[in-house]
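Everything below concerns the one structure shown next.
Here, each number is a calculation from the coordinates, and none is a lab measurement. A quick note: this is a predicted structure, and the numbers were derived from the prediction, not measured. Heads up, the Cβs are rebuilt from the backbone with ideal geometry, glycines too, and the neighbour counts pull from every protein chain shown.
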Amino acid sequence: MEKDIDRILFTDRELIERVKELAAQIAACYPDEDTGLILVPILSGSIIFLADLIRHLPMKMKLGLITVSSYAGPTTESTGPSIVMDLKVDICDQHVLIVDDILDTGKTLRFVGDRLAARNPRSIRTAVLLRKPDKAPPDVTADFVGFEIADEFVVGYGLDYDDHYRNLPHIAVLKADCY
Ligand code: XMP
């Protein structure tokens, strides 16, 4: 697997340090008395980010899972988001924090954000590990962003190409001949 990597953008150490900083920012936004926080990770790409993030969040919370697919098979061209498994928990009058791996074109966050807003939560915020600047429309934003990256397809730390490379401990760019 490592032989397929062109270069590492963020090491596992850099990732965990930044995730801890994000957790501190997020915790500051949700005082202790706000016990109604529900984290909604967008699966599958956010799983490792989520696992690290929640272990550094001190407040009481619940998880509500949603699975969205944007890529059909071995491609880096998004087909647009579609629901694979919908959210099962009731978020009405609850604080919701959507957690995603990357804000790229913004289609996924808009799609999920609109669906969740229709369920009347008390608030919706968004945390993403990575963001590609200037690709999403200006109204699709994230409240908490780990790193800004260039417009390159990245894998690792939960992000995949054709469902592979999620288990790389770092965020990396693949060699061109691996696509
Ligand atoms: P959009 O374009 O909707 O993208 O903002 C969101 C979802 O698409 C996936 N995605 C990527 N996955 N490397 C990946 O492994 C990338 O560079 C990349 N860009 C987008 C990802 O699942 C994200 O939730």
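What to note about this one:
- DSSP beta bridges confined to the chain are antiparallel in about 35 percent of cases.
- Relative contact order of region 1-64: 41 percent, from C-alpha pairs under 8 Å at least 6 residues apart in sequence.
- Amide H contacts of Gly45 (H built 1.01 Å from N, under 5 Å, at least 5 apart or other chain): none
- Summarising the amide proton neighbourhood of Ile102: residues at separation of 5 or more, or on other chains, whose placed amide H is nearer than 5 Å comprise Leu129, Leu130.
- Among Lys60, Lys135, Lys88, residue whose mean-square fluctuation peaks in a GNM of the chain (springs only between Cα atoms under 10 Å): Lys88
- Of all DSSP-defined beta bridges confined to region 92-179, some 25% are antiparallel rather than parallel.
- The HN-Hα couplings worked out from phi for region 132-138 by the Karplus form 6.51 cos²θ - 1.76 cosθ + 1.60 (θ = phi - 60°) are 9, x, 6, 8, 7, x, x Hz, whole numbers, x standing for Gly and Pro.
- Protection proxy ranking, highest mean first, for peptides 65-71, 100-106: 100-106, 65-71, where packing is the per-residue count of other beta-carbon atoms within 10 Å, averaged.
- Were the residues from Asp143 through Thr11 laid out at 0.36 nm apart, the gain over their Cα-Cα distance would be 45.2 nm.
- Amide H contacts under 5 Å for Phe10, placed H, 5+ residues apart: Ile171
- Relative contact order for the chain, counting Cα pairs under 8 Å that sit 6 or more residues apart, in percent: 26
- Once the C-beta distance of Arg119 and Lys20 is scaled by a Förster radius of 30 Å, the resulting FRET efficiency is 0.45 to the nearest 0.05.
- Förster radius 41 Å - calculated FRET efficiency between Leu63 and Lys135, Cβ distance, rounded to 0.05: 0.90
- Computed E for Val84/His56 - FRET, C-beta separation, R0 35 angstrom, nearest 0.05: 0.80
- Relative contact order (percent, whole number), region 40-88, Cα cutoff 8 Å, 6+ residue spacing: 36
- Taking a Cβ cut-off of under 13 Å around Ile5, the surrounding Lys, Arg, Asp and Glu residues balance to a net charge of -2, with basic ones at +1 and acidic ones at -1.
- Secondary-structure-derived ellipticity at 222 nm for the chain, considering helices only, amounts to -6500 deg cm²/dmol, per-run term -39500 (n - 2.57) for DSSP H runs with n ≥ 4.
- Within the shell of other residues whose beta carbon sits under 11 angstrom from the beta carbon of Val89, the net charge comes to +1, with Lys and Arg scored +1 and Asp and Glu -1.
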